[in-house]
1. Expressed as cubic angstrom per residue, what is the convex hull volume of the alpha carbon set of region 12-143?
2. Once you've got the GNM for the chain with C-alpha springs shorter than 10 Å, pick whichever of Ala134, Ala21, Ala32 has the biggest mean-square fluctuation.
3. I'd like the carbon and sulfur percentage of the solvent accessible area for region 12-143, probe radius 1.4 Å, heavy atoms only, ligands and nucleic acids excluded.
4. Quick one: angle between helix 130-143 and the longest Cα principal axis of the chain, in degrees between 0 and 90, rounded to 10, please.
5. Please give the charge dipole size of the chain, origin at the Cα centre, charges +1 on K and R Cβ atoms and -1 on D and E Cβ atoms. Round to the nearest 20 debye.
6. How many lysine pairs are close in the chain, with Cα atoms under 13 Å apart and the two 8 or more places apart or on different chains?
7. In Å², what does the accessible area per residue of region 12-143 work out to with a 1.4 Å probe?
Amino acid sequence: MSLHGAYDDANIFAKILRGEAPCFKVYEDDVALAFMDIFPVSRGHTLVIPKRAAARNLLELPTDEVGPYMTRVQRVAQGVERALTPDGVSIFQFNGAPAGQTVFHLHFHIVPRWEGVAMGQHGKTPMADKETLAQLAKDIGAAV
Ligand code: 5GP
């Protein structure tokens, strides 16, 4: 998928937002929803998506929604830090398939990092087990 095009409301994150697909929810308010990535590149890999806009990527998010959304990204990252006490946190976001994007509803990745532990390769990691994700969502959610 290119950088520009129509928003497809059948994408998995749109389904999660509508409650048509499950997620391990970490945090939700009127602006954003945060949930566990089911193919995590590190323990605690969390995604934060905007709720209102049908934006495929950051470039399409209405400018007045960027600030409120980024506030939630920071807030969830702070919760990840408090819950899991990593040595670092990688925060990244891809725009368009050539840049690595695979789900076309805007999202930021929050990836806790530990000294000496390599991050998994994006798109090449196995699905995490549900009990682990449920516990992480609970722990991080309590710290947000
Ligand atoms: P992207 O490649 O678009 O930056 O990131 C999409 C992310 O969504 C990937 O890290 C992938 O593991 C994650 N993902 C794909 N399908 C699902 C799903 O059904 N549920 C959840 N929670 N994450 C998903």
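1. Measuring per residue, one finds 102 Å³ for the Cα hull of region 12-143.
2. Fluctuation is largest for Ala21.
3. That fraction is 55 percent.
4. Relative to the chain, helix 130-143 is tipped by roughly 90 degrees.
5. The dipole of the chain has a size of about 140 debye.
6. Close lysine pairs under the 13 Å cut-off: 4.
7. On a per-residue basis, 50 Å².
The values are calculated or read from the model by the stated rules, or taken from the named source; none is laboratory data. No experiment lies behind these values; they were computed from the predicted model shown. A quick note on method: Cβ atoms are made from the backbone with ideal geometry, for glycine too, and the neighbour counts reach across all protein chains shown. SASA here: full protein model, heavy atoms, side chains in, ligands and nucleic acids out. Shrake-Rupley method; radii C 1.70, N 1.55, O 1.52, S 1.80 Å.
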